[in-house]
Amino acid sequence: MSRPSNADISRRDLAHVWHPCTQMHDHEQLPLVPIRRGEGIWLEDFDGQRYMDAISSWWVNLFGHAHPQLNAALREQAETLEHVILAGFTHEAIVELSERLVALAPPGLTRCFYADNGSSGIEVALKMSVHAWRNQGLMKKTRFIALENSYHGETLGALGVTDIPLFSETYQPLLQAPLRAPSPAAPAGAPDGDCDRYCDLALAGMEALLAKHAHEVAAVIVEPLVQGAAGMRMYSPRYLTRLRELCDQYAVYLIADEIAVGFGRTGTLFACEQANITPDFLVLSKGLTAGYLPMSVVLTHARIYEVFYDRYETLKGFLHSHSYTGNALAARVALASLDLFAQGDVIAANRQLALVMAEAIAPLRAHPKVSSVRQTGMIAAIELVRDKASGTPYDWRERRGLAIFQAALKRGLLLRPIGHVVYFMPPYIITPEQIHWMVATAIEAIDEGLRAPAGASSEIGPSMA
Ligand SMILES: *Cc1c(COP(=O)(O)O)cnc(C)c1O
């Protein structure tokens, strides 16, 4: 039997698969990319073309595709125990993973509650924070404060605290609206360099909200250091340090959504380390299993755990569950990923790679259509504007990001711009040579995408988030 081609797989896919975050009509013109296999930083399609995965397959992959050590751990676990109910039962992988996460996380986070994916981890943190106040007799603390341009996932609770209208507007009648605090990150189109001012403004805005609403607020939720889905908008650790003080002062819990930034993306294992803080809830997913399997965990401290701990009849227990809570395969792969961190001193190696990335992207500052070149650790972003002097953005209908995506794909590079922000978030196994190739190829793709006639692909939806 001959091996299927890209066209064969695409035809069968489009007959039945409904793709995420996609206007399916786009695929009348935009070819799907059917991937046959992955190896290291490369993905290979059914026609034999290779693509460098510069976005870690939606920010999940840490050590490349089909990693031999992760594969072996998974295989061994599958032969022993694939899954068992975690209520009333337990298994060695989840015990060991919890011990190791507690040892690595900011000090004081000693309890791990597991869920199936990032969004459901956010749901756990939101519910737990409200429930914790309730168990202390404070029934009115049921609202949340979230930042402008935040992204916390797509389930209804998580979407409620998200501020990306493209994803949330349609579902507004189903969502509980949070209080919105200003973002400490520079707005779209702004030049780099004024981050102290945005940080101060955002702190003043947060304090005003807390002063007025703390009595009805359960928690503040933030994406530490990088607001990912808003276009890799970055801000100073100083904001988090002060936010921790404000949350303590006003008796409001702090939820750190490190789903995207955890596990070394920002230059430290967890972004909160750079601000020297311990949140009340730390939500981890994506890199937790190195991009292998869906799993999330919410870490919290003893004081929270204790307000739930009582006789059954008090109904103070956290009666939340997901079928696959604490899945053994996911836990084993997460452990194998932590082994890779320990073996190679990945954080130190990443610091070197981040310097190479900084050097490679620096020339883009002089590009006539680039308003911002920003970087936090292993995440780098380039923002494109129609007019640099005034910061005037491209019209979203021009879909320049999509044109850049296509131009990069043609050259063997997987980029997925968010609107007009091109970003790099590569797996940690990338080499300095590959970084230079990735950035040089992206620059060619940007120039081709910006040269394309305006609206050439205007039938193809608004965002590439
Ligand atoms: C991806 C992401 C989520 C949602 O995680 P899913 O696994 O996609 O549900 C939440 N918050 C942040 C910051 C994310 O990047």
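The values are calculated or read from the model by the stated rules, or taken from the named source; none is laboratory data. It should be emphasised that the depicted structure is a prediction, and the values quoted were computed from it without experimental measurement. Side chains are part of the model used for accessible areas, which takes the heavy atoms of the whole protein and leaves out ligands, DNA and RNA. Shrake-Rupley method; radii C 1.70, N 1.55, O 1.52, S 1.80 Å.
Which value, in Å² and to the nearest 10, is the accessible area of Trp58 when all protein chains are kept and the probe is 1.4 Å?
For Trp58, the solvent-accessible surface is approximately 100 Å².
For segment 71-343, which whole percent of the accessible surface, found with a 1.4 angstrom probe, sits on carbon and sulfur atoms? Display every interim value, and only then the final one.
Numbers: 6400 of 11480 Å².
Carbon and sulfur together cover 56 percent of it.
Which value, in Å² rounded to 10, gives the accessible area of Ser296 with a 1.4 Å probe and all protein chains present?
0
Which percent, to the nearest 5, of DSSP beta bridges fully inside segment 71-343 are antiparallel? Don't jump to the answer; show the numbers that get you there.
On the way: 12 of 26 bridges.
So the antiparallel bridges amount to about 45 percent of the total.
Heavy-atom accessible area of Ser321 with all protein chains present, probe 1.4 Å, nearest 10 Å²?
The value for Ser321 is about 90 Å².
In the chain, what % of DSSP beta bridges are antiparallel (nearest 5)? Before the final figure, lay out each step's value.
Values: 32 of 48 bridges.
That works out to approximately 65 percent antiparallel.
On a 1.4 Å probe surface of the protein chains, which of Ser390, Ser129, Ser98 comes out largest in accessible area, and what is the full order?
Working: Ser390 80, Ser129 0, Ser98 30 Å².
So, going from the largest accessible area down, we get Ser390, Ser98, Ser129.
In the calculated pair distance distribution of the chain, what percentage of Cα-Cα distances lie above 43 Å? Don't jump to the answer; show the numbers that get you there.
On the way: 13882 of 107880 pairs.
Result for the distance tail: 13 percent.
Relative contact order for the chain: what percent, with Cα pairs under 8 Å and sequence separation of 6 or more?
Details: 892 pairs, mean separation 91.2, N = 465.
Relative contact order for the chain comes out at 20 percent.
Got a sec? What order do Arg242, Arg197, Arg416 fall in by accessible area at 1.4 Å, biggest, i.e. largest, first? Write out the running numbers ahead of the final one.
Details: Arg242 80, Arg197 120, Arg416 50 Å².
Per-residue accessible area, sorted high to low, gives Arg197, Arg242, Arg416.
Non-local amide H neighbours of Ala181 (under 5 Å, H modeled in plane, Pro and chain starts lacking H): which ones?
Excluding prolines and chain starts, which carry no amide H, the hits are Ala146, Leu147, Glu148.
List every residue whose amide H lies under 5 Å from the amide H of Ser296, counting only residues 5 or more places away in sequence or on a different chain, with H placed 1.01 Å from N in the peptide plane.
Sorted by chain and number, the residues that satisfy this are Ala115, Asp116, Asn117.
Hey, can you find the accessible area per residue of the chain for me, probe 1.4 Å, expressed in square angstrom?
Details: 20390 Å² over 465 residues.
Computed with neighbouring chains in place, this is 44 Å² per residue.
Please list Ser57, Ser337 from largest to smallest accessible area, probe radius 1.4 Å, with all protein chains kept in place. Each step should come with its number before you reach the end.
On the way: Ser57 45, Ser337 0 Å².
Per-residue accessible area, sorted high to low, gives Ser57, Ser337.
Share of segment 378-454's accessible area from carbon and sulfur, percent, 1.4 Å?
That share works out to 58 percent.
As a check on your grasp of the helix formula, calculate [θ] at 222 nm for the chain: sum -39500 (n - 2.57) over DSSP H runs of n ≥ 4, divide by the residue count, round to the nearest 500. Numbers along the way, then the final one.
Working: 14 runs with 171 residues, N = 465.
Result for the chain, helices only: -11500 deg cm²/dmol.
In Å, what Rg and Dmax follow from the Cα atoms of segment 156-210?
Rg then Dmax for segment 156-210, in Å: 13.7, 39.
Of the cross-linked pairs Lys286/Lys410; Lys127/Lys369; Lys212/Lys369; Lys127/Lys388; Lys286/Lys388; Lys127/Lys286, which ones have a Cα-Cα span greater than 32 Å in the structure shown? Spell out each step's value before the answer.
On the way: Lys286/Lys410 27 Å; Lys127/Lys369 44 Å; Lys212/Lys369 42 Å; Lys127/Lys388 44 Å; Lys286/Lys388 35 Å; Lys127/Lys286 21 Å.
As for pairs spanning more than 32 Å Cα to Cα, those are Lys127/Lys369; Lys212/Lys369; Lys127/Lys388; Lys286/Lys388.
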